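Step one of this worksheet: look at the structure below.
The values are calculated or read from the model by the stated rules, or taken from the named source; none is laboratory data. Note that this is a predicted model, so its numbers are computed, not measured. Every residue, glycine as well, gets a Cβ built from its backbone with ideal geometry; the counts of neighbours run over all protein chains shown.
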C-alpha cells in the first residue's frame, strides 16, 4: 500500500467536509471474519461505534450486523496485506465477556469468560509469545490464551465446555480493515489497519 493510499483513506472524510459537491465515496471499517482468496471477497463485520467515531472516543468498538461482503480492489496496488480472519470481534476485559461472530446463524454471540492470567508489557520476543501460534487452546486444561500485539498483552482465560469445543477460528481476532468505495460491495482501496503502521511511508 502506497503512502498516498494511506493518506487518501485518512483524508477522504475531511475532503467531503470541505466540498459542497463531494462525490468521493465512503470509507467503512470492520473486522474480517472470512476471506475467499479465489473470488477476492472479504466478509466484514462493520464497526457501528469505533474508538475514533464521534461520541465514541474512549469506548470499546461496537459491531453491527449484517456482515457485508466486499470485493478487494481490482488494482492490486490499492490493497494492503491480505487480512487474516477470525470470529472473535471483541474481548471485553472489564465485563469479562467475549463477542463472537457465528457464521452459521450470521449473528453475534456474547459469552462470559473467567480470567486466569492477564499481563501487559509482553513484547513479541518474549519466549511465551515468540514461538507460539495464537489462539493457544488447551482443551485438556480448559484454557484459551490470546496475545494482542499492539497492546502487548497476554491473556489466559477459561470458558464453558461448549465454547471450548468451538473451532480455533472462533477465538482468533480477525484483522481490522478500512476500505474506500463508491459502489457497495466493491472496494476501490483497502487498508489492513492491523498490519499497517500509518506513520511509515511506502
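Here are the numbers for this structure:
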read-out: Complete set of residues in region 114-140 that are within 20 Å of the chain's Cα centre (by Cα), assigned to a loop (DSSP other than H, G, I, E, B) and surrounded by 15 or more Cβ atoms within 10 Å (Cβ to Cβ); value: 134, 135
read-out: Single residue of 190, 163 found to be farther than 29 Å from residue 73 by Cα, surrounded by 15 or more Cβ atoms within 10 Å (Cβ to Cβ) and either touching a helix residue (DSSP H, G or I) at 6+ places or on another chain (Cβ under 8 Å) or not assigned by TED's automatic domain parsing to the domain that holds residue 24 (or both); value: 163
read-out: Subset of region 36-55 that is outside any strand (DSSP E or B) and modelled with pLDDT of 95 or more - its residue that is surrounded by the fewest Cβ atoms within 10 Å (Cβ to Cβ); value: 38
read-out: Flag for residue 146 being assigned by TED's automatic domain parsing to the domain that holds residue 30, part of a strand (DSSP E or B) and surrounded by 10 or more Cβ atoms within 10 Å (Cβ to Cβ); value: no
read-out: Options 130, 60; residue that is in the same structural domain as residue 167 (by TED's automatic domain parsing) and at pLDDT below 95; value: 130
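So that you can scan it fast, the table gives a plain yes or no per residue for (1) in contact with a strand residue (DSSP E or B) (Cβ under 6 Å, 6 or more places away or on another chain); (2) modelled with pLDDT under 95:
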| position | (1), (2) |
| --- | --- |
| 137 | yes, no |
| 159 | no, no |
| 167 | no, no |
| 181 | yes, no |
| 200 | no, yes |
